[in-house]
Amino acid sequence: MNKFIQLFNTVKYLKIQQIYFRLFYFARARARKVVGFKYEFLKGSKSTTLKLSQSCDSHSRYKDNEFIFLNLSKKFDNKIDWNYAEYGKLWTYNLTYFEYLKEKSDVQLIYNFIENIENIKDGLEPFPISLRGINWIKFLSTYNIKDKKIDDSLYAQYYILMDNLEYHLLGNHLLENGFSLLFGAYYFEDEKLYAKSVEILKSELEEQVLDDGGHFELSPMYHQIMLFRVLDCINLVQNNGWKSQELLELLTLKAELMLGWLKNMTFSNGNIPLFNDSAYGIAPSSKELFEYADNLKLKLKNSTLKDSGYRKIVKDSYECIVDIGQIGADYIPGHAHSDTFSFELYIDEKQFIIDSGLSTYETNERRTLERSTSSHNTVEVNSTNQSEVWGGFRVANRTYVTDVVEDIDHIRATHDGYKKKFGIFHTREWIFEEDKIVINDNLNKECEAIARLHFHPNITEEDIRKSIIIQNTKLNIQNYLFAPKFNKTIKSLVVEIPFKKDLTVEIKI
């Protein structure tokens with residue numbers, strides 16, 4: 001019964017469109033299995049040579065049959081296994097994204113993929129098709145490779161994508177479909193692909209880019225990725241006159257808003273905060289994106305952090321970014337963590353108090369831990385998460401923030417994440433002074449609560465004892481694993497502060 005309730009509290013937030021397409025795709029798959037339906041993997045095509053300016057480099061690497069991404073490497077001595085699954089599905093996805101194409105000789109990898117395409121599983125899902133389409137087109141255009149076999153395979157893949165657009169997921173998945181269809185439309189000068197890409201991009205960019213420029217899933221890493229795609233599409237439209245640049249105004253408007261948000265959210269040393277599903281070494285860095293945008297003659301639109309729920313406070317010797325927003329779009333919270341009122345603090349451009357990070361997308365104990373309230377710089381009540389994160393990418397009951405009060409050096413907000421189970425509201429107040437930050441936590445009734453502060457691996461116990469002041473309470477310093485990148489963890493220190501109702505923590509700068 002508890003599992004049924006949890007599932008109901010998850011799906012009740014879905015859009016009708018998501019439910020319809022989940023049922024439709026499920027029923028269609030069953031029917032197609034009965035009749036033995038199979039896609040054609042070659043479709044007669046006629047491609048055109050595209051002009052593209054230099055884009056951002058990828059973190060994925062390939063050399064001598066060795067693939068390196070997500071901080072895991074695999075060398076295939078004889079035959080590439082495009083379904084290789086020992087590192088998890090995300091690694092398999094990355095294998096089929098082809099972001100590692102660098103040298104002209106890498107075209108042999110495309111031939112290999114095409115020769116084995118009938119046996120490929122995860123790589124023929126709509127999301128990897130979308131990314132692969134963009135990466136193949138950019139690679140083929142860079143080296144002016146014209147090959148009928150490659151083109152016919154890619155064209156067929158685009159029509160498989162058209163038949164499986166991710167309306168059941170929406171969010172960044174559908175937006176990636178739209179970005180890729182635009183590339184496919186220009187490459188093949190295909191009106192059907194173009195019409196669908198325009199439909200998706202116009203609706204989803206309006207939906208997903210908030211008024212303050214943030215991407216609505218509220219992950220700084222995904223914001224960088226989505227901005228990168230928008231910049232690539234601007235690159236495509238600016239440099240190729242097939243459709244008279246009719247999308248350029250929309251793409252430019254959204255890109256400049258997103259650049260402004262990223263500027264606000266980037267620490268002065270170039271790092272992003274690791275809120276929600278965010279890790280280093282996946283998306284292009286903020287510096288790379290700003291340089292790319294500058295090359296495309298884009299301007300950064302100044303805006304104030306608001307709709308995304310983040311706030312940044314900058315003093316002479318420190319920068320602090322706090323989260324007083326909702327967990328994200330209600331109908332697609334898969335990349336959300338249970339982290340309301342968490343924050344990151346940099347002192348003299350160096351990481352001090354940090355988000356604990358992200359190391360995996362596998363549905364396992366580590367993923368559950370990294371999304372939990374206990375892994376963030378906020379308050380956990382009665383050993384329970386604020387928002388009911390579960391199943392890797394699901395959220396049932398979720399936290400909502402109310403009563404936000406703020407001025408230049410002061411923020412106070414309340415959330416109701418513990419109301420339903422315990423009748424408890426959590427109010428957190430930050431007071432920002434030049435030489436210290438004071439954090440006041442208040443619960444409307446007594447309970448077993450723990451406030452936590454996670455520190456960067458370079459921070460020692462001595463550093464913590466000098467900086468963290470709590471009246472009438474000894475610091476309880478424990479170990480945790482900081483996950484700055486996928487599949488990488490570093491032993492670090494966390495302060496745990498038990499309290500019943502009220503707590504004041506002073507952070508000396």
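The values are calculated or read from the model by the stated rules, or taken from the named source; none is laboratory data. Since we're looking at a predicted model, the values are computed, not measured. A quick note on method: Cβ atoms are made from the backbone with ideal geometry, for glycine too, and the neighbour counts reach across all protein chains shown. Areas reflect the complete protein model, heavy atoms only, side chains present, ligands, DNA and RNA absent. Shrake-Rupley method; radii C 1.70, N 1.55, O 1.52, S 1.80 Å.
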What lysines sit close enough to residue 297 to cross-link, taking a C-alpha to C-alpha distance under 16 Å and skipping anything fewer than 8 places away on the same chain?
-> 254, 287
Given a cut-off of 24 Å, name the pairs among 102/202; 350/485; 12/263 whose C-alpha atoms lie farther apart than that in the structure shown.
-> 102/202; 12/263
Once a ≥ b ≥ c are taken as the square roots of the eigenvalues of the Cα gyration tensor of the stretch 296-365, is the result rounded (a/c under 1.5), prolate (a/b larger than b/c) or oblate (a/b not larger than b/c)?
-> oblate
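If you roll a 1.4 Å probe over the chain with all protein chains in place, what percent of the accessible area is carbon or sulfur? Intermediate results must be reported in sequence, preceding the final value.
Details: 10920 of 22180 Å².
Here it works out to 49 percent.
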Round to a whole angstrom and tell me the spacing of the C-alpha centers of the stretch 129-195 and the stretch 238-288.
-> 21
Efficiency of FRET from Cβ geometry, residue 66 and residue 263, R₀ 45 Å, rounded to 0.05 = 0.75
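Would you mind working out the accessible area per residue for the stretch 234-351, using a 1.4 Å probe, and quoting it in Å²? Each step should come with its number before you reach the end.
Details: 4370 Å² over 118 residues.
Solvent-accessible surface per residue comes out at 37 Å².
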Shape of the stretch 415-509 from its Cα gyration tensor (a ≥ b ≥ c, root eigenvalues): rounded if a/c is under 1.5, otherwise prolate when a/b > b/c, or oblate?
-> oblate
Under the helix-only model (-39500 (n - 2.57) for each DSSP H run of 4 or more, divided by the residues of the chain), the mean residue ellipticity at 222 nm, to 500 deg cm²/dmol, is -11500 deg cm²/dmol
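When a/c reaches 1.5 or more, the comparison of a/b and b/c decides; with that in mind, is the stretch 54-140 rounded, prolate or oblate per its Cα gyration tensor? Present the calculation step by step, with values, prior to reporting the outcome.
Numbers: a/c = 1.25, a/b = 1.15, b/c = 1.09.
Here the stretch 54-140 falls in the rounded category.
Calculate, for the stretch 1-137, the solvent-accessible area per residue in square angstrom, rolling a 1.4 angstrom probe over the heavy atoms of the protein chains. Kindly include the intermediate steps, with their values, before the conclusion.
Values: 8270 Å² over 137 residues.
Counting only protein heavy atoms, the per-residue value for the stretch 1-137 is 60 Å².
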Assign unit charges at the C-beta atoms only (+1 for Lys and Arg, -1 for Asp and Glu), then state the dipole size of the chain relative to its Cα centre in Debye, rounded to the nearest 20.
-> 1420
Burial-style ranking of 200-206, 184-190, 275-281, 8-14, average other-beta-carbon count within 10 Å with highest first, yields 184-190, 275-281, 200-206, 8-14
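Report the antiparallel proportion of the DSSP beta bridges in the chain as a percent, rounded to a multiple of 5. Could you put the intermediate results ahead of the total?
Details: 70 of 71 bridges.
Here the antiparallel bridges make up roughly 100 percent for the chain.
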Taking Cα atoms only, helix 171-188 is inclined relative to the longest principal axis of the chain by an angle, in degrees rounded to 10, of 30
Got the relative contact order for the chain handy, in percent, Cα pairs under 8 Å and 6 or more residues apart?
-> 12
Over all alpha-carbon pairs in the chain, figure out the percentage whose distance exceeds 30 Å.
-> 50
Where the centre of each part is set by its Cα atoms, how far does the stretch 303-339 sit from the stretch 1-56, in angstrom?
-> 30
Check the straight Cα-Cα distances from residue 445 and name the lysines below 24 Å, setting aside those fewer than 8 residues away within the same chain.
-> 419, 420, 421, 474, 500, 501
